[in-house]
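Written below as structure tokens is the structure these notes are about.
Values in this text are rule-based calculations from the coordinates and carry no lab data. A quick note: this is a predicted structure, and the numbers were derived from the prediction, not measured. So basically every Cβ, Gly included, is an ideal-geometry build from the backbone, and we count neighbours across all protein chains shown.
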Amino acid sequence: MKHPPLVETLIEAFTCLPGVGPRSAQRMAYTLLERGRDDGRALSAALSQAMDGVRQCKRCRNYAEEELCPICQDPRRDPGLVCIVASPADVLAVEQSGEYRGQYFVLMGQLSPLDGIGPRELGLDVLEARLNEGEIQELILATGTTVEGEATAHYVLDLAREAGVNVSRIAQGVPMGGDLEFVDGATLAHALRGRRPFST
Ligand SMILES: [Zn+2]
């Protein structure tokens, strides 16, 4: 049996989500059509508003609705201290540690040349420009210890060296290859306090 075209299009659309295959997509579409029309309309409106209204902060690349995100706009945050993270979820993890008063730079990924993710895709040209402005005194690397995380860390280290900026790295208590979002706040606070100068 073939679905009516509109239903087929809806099912197809759900498969763009991570971990959602054709069967799950079909279940989602049926659920909304059978007994969730209002939820479906709300979902549609929220998607549309977010896709049009959410952009990336000009300074740190985190999601924002204005040119600058709330953290970059906050005068109490130290602009001399910048924590490099792979994703917006990692920003939340570091914020929940309650330990950090600096700013961030969000890569939205890690270096992975085979997947076509190079320095420009991660905004590392933007970071380089910021480093050369002279305001940043210390970079804290919190990019994880996977192969991609290591490659990214070394690339950032080279940029910082050229600009004469100190680099440290959180380490203690953060599992190998672990994503920050799965590390609890107390462990992350400890890892931030115990950060070590990074060099090779
Ligand atoms: Zn920002």
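Summary table below
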quantity: Residue in segment 56-112 that is farthest from the ligand (Cβ to nearest atom), counting only those that are part of a loop (DSSP other than H, G, I, E, B) and within 20 Å of Ala151 (Cβ to Cβ); calculated: Leu111
quantity: Pairs where the first residue, in segment 80-99, is without any contact (Cβ under 8 Å) to a residue 60 or more places away in the chain and the second is among the acidic types (Asp, Glu), C-beta under 7 Å, 6+ apart; calculated: Gly80/Glu135; Gly80/Glu138; Leu81/Glu138
quantity: Lone unmet requirement of (1) more than 16 Å from the ligand (Cβ to nearest atom); (2) outside any helix (DSSP H, G or I); (3) under 30 Å from Arg101 (Cα atoms) for Ala50; calculated: (2)
quantity: Residues (free of Cβ contacts under 8 Å to residues at least 12 places away in the same chain and farther than 21 Å from Leu6 by Cβ) located in segment 16-54; calculated: Pro18, Gly19, Gln49, Ala50, Asp52, Val54
quantity: Residue in segment 127-143 that is assigned to a helix (DSSP H, G or I), surrounded by fewer than 19 Cβ atoms within 10 Å (Cβ to Cβ) and touching a residue at least 12 places away in the same chain (Cβ under 8 Å) present; calculated: yes
quantity: Among residues of segment 24-39, those that are closer than 10 Å to Leu10 by Cβ and small (Gly, Ala, Ser), counted; calculated: 2
